[in-house]
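Visitor: Got a structure for you, written out below as structure tokens; questions coming shortly.
The values are calculated or read from the model by the stated rules, or taken from the named source; none is laboratory data. Everything numeric in this text was worked out from a predicted model, so none of it was measured. Counting neighbours? That spans all protein chains shown, and the Cβs are built from the backbone with ideal geometry, glycine included. With ligands, DNA and RNA removed, areas are computed over all heavy atoms of the protein, side chains included. Shrake-Rupley method; radii C 1.70, N 1.55, O 1.52, S 1.80 Å.
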Amino acid sequence: MKTHLFLIIAFVLLAGSLSAQDNKASVSLTAAIYEEEVSGNLDKAVELYLNILKKYPDNRQVAAKALYHLGLVNEKMGKQKANEYFTRLVNTYPDQTEMVALAKARLAALGGSVSTRGTGGLITRRVLADASGVDGVLTADGKYIRGIDWETGDVVQYEVASGQKTRIKNSVPWSKTETALQDQVFSRDGKQIVYSVENSDPNTKDWLYQLRIRNLDGSGLRTFYSENDSYVYPLDWSPDARFILANRSQNKADELILISTTDGSVRILRSNSMDWNGLSIASFSPDGKFIAFSSVREGSSPQSDIFLMTADGRNEVVVAGHPAEDQLLRWTPDGKSLLFLSDRTGTWDIWTVRITDGKQQGEPELLKKDFGYNVLDVLGFAPNGSLYYKAQTNSGHLYFGEVDLETGKVIVPPTPVITRYTGPPSQPIWSPDGKSLLYISRRSSVGPGNNILMIRSSETGEERFLSPRLRFVNQPSWAPDGRSIIALGISIGTETGIFRIDTETSAITKLADGGLFPKLCPDGKTLVFADGPIIWKRNLDTGQKSEVVNVGTGGTAQWLYDLSPDGREVMFQKDSIVKIVSLNGGEPREIFRGKARNYKLKWTRDGHYILARAGSVIWQVPAQGGRPLKLDLSIPKMESFTLHPDNHRFAFSVNEGSKSELWVMENFLPK
């Protein structure tokens, strides 16, 4: 009763001295506090506080108090968002000194902190601690972050001011073709979406690569571009919505093209013959006169540069040129500068370069150190120049243990080990002598320094990384002599292929143009790899390529096969049946039938056993046939498993997912 009376008195005194607008804000605040402290209806209180922030953000005194109480309510409800609201109060309303002091005290009690790093007034603040469901791009007005729900076709939007999520319902049928959409780009006015799909021609059964346009609610859906021999994905809309800027891969050439949204006609702006050009972001300037993009220069180093051209594809120039890796982020809202990422200082930093009439003005300027690499996590600019982005933290560990392969019993339970970089190590594999463990540490998808080959000493745990001149590495295996690694890669000039990587010097040698999961035979000259349903071998001396086995329809040879340690046989799987065949061909013999459709297969180093893993379940199968034995080891979220040549020690990696946060950088652009 005393609390109730106090709130009424406080409201009366406050109302008498405020303007009409301020009075409404104060009345709303009083009502929210009443629900929180008197009625105890915390959910209702949260709703009222959020509504205050939405309606009265400029009433700094009331908004600051609303944020503080939102923090208190969330703290009472045991929610992590309490830190967000206290931090937002400190960063957004620093002039409200009393409330800021209270918020900082709560942050200290909760173990939180406020990040205001940098110079020149730069502020970075966390908007949302769990942004796992916030996907897409920031709208031009800075109000929403929008993306398509691939399952339903709804547009899911997160309102930045209130933190509320809503949906714009899809009003038309959403087919299986649409659920497999590849890329999406919103028009500059935020009213339309263009996306790419892969569809089957009902007459020829050939695959068609199509672009479709629709309104936010799904109405007005139409296919305006379709081809059966080239993959295309949209990059941007022209400001007048007449064209889509897109990348098209056709006949081993990548093209930057303009596609008319009216009739689907194509204008080629730029073409090169590289296997891969690294072009993933390209953008019209706000006035539509210029196009900026990042790409690898043909015949140059594996690093990419920032390019600028007129909207008709002419007058192409490099801007902010440097031997380092540069990746375009965005045009600034006023169109006077380009924002880009670069590792020219040794870390991934945000830089800006001024542009006037399509030409660089002055030297690039460093804006933000240690930003991180992933350009796709940048969501966009608000009109006031604030940059919204997502910060991803991958979780996972490498584990070591020991097992008795004869009985399937675990001798030493698996325990995590510390690796040089955070996140789950990918594709670990022991060296032939067991003295080293190789794995990939992934910082991002493609780019120097983002797919790092790590070699870990089995004896000391010391780790070192290789530095091959490759933009991308994947599917590594040890050469039989243990002195080099065989892996897929993208090299200088963006050649894709199979490479040998020296474990001491990191020097690379190209062995073949294509193929998946390459492995080298002990003779050092026979390369085995998969291509679709066929397992091939290639003589590296003569270049002769011959088929080992065609797994046929339903086969998964492209990743579910292994080469025997003596290099004489390959093991493969068709559906749930595991078979072995001679490298010289012949009739395969069945070894194992399981219940899982897909097993990841691996020979033991002595050739006596086969390990067949389906998820976290591992079976030991005698290589000459016999009864399978299930290992007493089942690890949820296991990503990969490798057995030491001694048939006892093992290593595996666990992917525990990633944590995604929403952040904003403010007051950092040059005036």
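Visitor: Can you name the number of the only condition in (1) surrounded by fewer than 19 Cβ atoms within 10 Å (Cβ to Cβ); (2) outside any strand (DSSP E or B) that ARG354 fails?
Guide: Result: ARG354 passes all but (2).
Visitor: Can you tell me which residue among SER660, SER653 is of a type in the set (S, T, N, Q), open to solvent by less than 30 Å² (accessible area, probe 1.4 Å), modelled with pLDDT of 85 or more and in contact with a Phe, Trp or Tyr (Cβ under 9 Å, 6 or more places away or on another chain)?
Guide: On the way: SER660 fails: in contact with a Phe, Trp or Tyr (Cβ under 9 Å, 6 or more places away or on another chain).
Only one candidate qualifies: SER653.
Residue-by-condition table, conditions (1) under 19 Å from TYR439 (Cα atoms); (2) surrounded by fewer than 18 Cβ atoms within 10 Å (Cβ to Cβ):
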{"position": "ALA487", "(1), (2)": "yes, no"}
{"position": "THR505", "(1), (2)": "yes, yes"}
{"position": "THR542", "(1), (2)": "no, yes"}
{"position": "GLN573", "(1), (2)": "no, no"}
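Visitor: Right, here's the next one. Quickly run through segment 624-645 and pick out the residues that are open to solvent by 40 Å² or more (accessible area, probe 1.4 Å), touching a Ser or Thr at 6+ places or on another chain (Cβ under 9 Å) and in a strand (DSSP E or B).
Guide: Within segment 624-645, LEU629, ASP632, SER634, GLU639 meet the criteria.
Visitor: Also, I was wondering about something else. Does at least one position in segment 598-606 carry a residue that is closer than 22 Å to MET638 by Cα, open to solvent by 40 Å² or more (accessible area, probe 1.4 Å), charged (D, E, K, R) and not in a loop (DSSP other than H, G, I, E, B)? Before you say what the answer is, go through the steps one by one.
Guide: Our first condition is that a residue be closer than 22 Å to MET638 by Cα; within segment 598-606, this holds for 598-605.
Filter once more, keeping what is open to solvent by 40 Å² or more (accessible area, probe 1.4 Å): 598, 600, 602, 605.
From what's left, charged (D, E, K, R): 600, 602, 605.
Applying the additional criterion that residues be not in a loop (DSSP other than H, G, I, E, B) yields 600, 602.
Scanning segment 598-606, I find at least one residue that is closer than 22 Å to MET638 by Cα, open to solvent by 40 Å² or more (accessible area, probe 1.4 Å), charged (D, E, K, R) and not in a loop (DSSP other than H, G, I, E, B), so the answer is yes.
Visitor: Since VAL378 meets every condition but one in (1) open to solvent by 10 Å² or more (accessible area, probe 1.4 Å); (2) more than 14 Å from PHE293 (Cβ to Cβ); (3) of a type outside the set (D, E, K, R), which condition does it not meet?
Guide: Answer for VAL378: the failing condition is (1).
Visitor: Quick check: is even one residue across segment 392-402 over 27 Å from the mean Cα position of the chain (by Cα), touching a residue at least 40 places away in the same chain (Cβ under 8 Å) and assigned to a loop (DSSP other than H, G, I, E, B)?
Guide: Filtering segment 392-402 for residues over 27 Å from the mean Cα position of the chain (by Cα) gives 400-402.
Then keep just the ones that are touching a residue at least 40 places away in the same chain (Cβ under 8 Å); that gives 400-402.
Then keep just the ones that are assigned to a loop (DSSP other than H, G, I, E, B); that gives none.
Looking through segment 392-402, none of the residues is over 27 Å from the mean Cα position of the chain (by Cα), touching a residue at least 40 places away in the same chain (Cβ under 8 Å) and assigned to a loop (DSSP other than H, G, I, E, B).
Visitor: Could you count how many residues in segment 461-474 are open to solvent by 20 Å² or more (accessible area, probe 1.4 Å) and touching a residue at least 24 places away in the same chain (Cβ under 8 Å)?
Guide: The qualifying residues number 8.
Visitor: Considering each residue of segment 334-349, count those that are buried (at least 19 other Cβ atoms within 10 Å of the Cβ) and not in a strand (DSSP E or B), and give that number.
Guide: Of the residues in that region, 2 qualify.
Visitor: For residues in segment 357-375 being among the small types (Gly, Ala, Ser) and open to solvent by 20 Å² or more (accessible area, probe 1.4 Å), which is modelled with the lowest pLDDT? Show your work before the answer.
Guide: Pass one, segment 357-375, residues among the small types (Gly, Ala, Ser): 358, 362, 372.
Then keep just the ones that are open to solvent by 20 Å² or more (accessible area, probe 1.4 Å); that gives 362, 372.
Values: GLY362: 89, GLY372: 76.
Among residues in segment 357-375 that are among the small types (Gly, Ala, Ser) and open to solvent by 20 Å² or more (accessible area, probe 1.4 Å), the one modelled with the lowest pLDDT is GLY372.
Visitor: Now, a different point. I need the full set of residues from segment 61-80 which are under 17 Å from ASN51 (Cα atoms) and either among the charged types (D, E, K, R) or open to solvent by 20 Å² or more (accessible area, probe 1.4 Å) (or both), in order please.
Guide: Going through segment 61-80, the residues under 17 Å from ASN51 (Cα atoms) turn out to be 61-74.
Residues satisfying the conditions are GLN61, LYS65, TYR68, HIS69, LEU72.
Visitor: Hey, any hits in segment 20-35 for a residue that's at pLDDT below 85, outside any helix (DSSP H, G or I) and either within 40 Å of the chain's Cα centre (by Cα) or not polar (S, T, N, Q) (or both)?
Guide: Scanning segment 20-35, I find no residue that is at pLDDT below 85, outside any helix (DSSP H, G or I) and either within 40 Å of the chain's Cα centre (by Cα) or not polar (S, T, N, Q) (or both), so the answer is no.
Visitor: May I ask you to list the residues in segment 463-494 that are part of a strand (DSSP E or B), of a type in the set (A, V, I, L, M) and more than 26 Å from ALA324 (Cβ to Cβ)? Show your work before the answer.
Guide: Residues of segment 463-494 part of a strand (DSSP E or B): 463-465, 472-478, 484-490.
Checking the rest, the ones that are also of a type in the set (A, V, I, L, M) come to 473, 485-488, 490.
Hit for segment 463-494 is ILE486, nothing else.
Visitor: Please find, among VAL621, VAL528, the residue that is buried (at least 21 other Cβ atoms within 10 Å of the Cβ) and more than 34 Å from the chain's Cα centre (by Cα). Give the steps one after another, and end with the answer.
Guide: Working: VAL528 fails: more than 34 Å from the chain's Cα centre (by Cα).
None of the others qualify; the one that does is VAL621.
Visitor: I've got another one for you. If I filter segment 555-576 for residues that are more than 22 Å from GLY489 (Cα to Cα), of a type in the set (A, V, I, L, M) and in contact with a Phe, Trp or Tyr (Cβ under 8 Å, 6 or more places away or on another chain), do I get at least one hit?
Guide: Yes, segment 555-576 contains a residue that is more than 22 Å from GLY489 (Cα to Cα), of a type in the set (A, V, I, L, M) and in contact with a Phe, Trp or Tyr (Cβ under 8 Å, 6 or more places away or on another chain).
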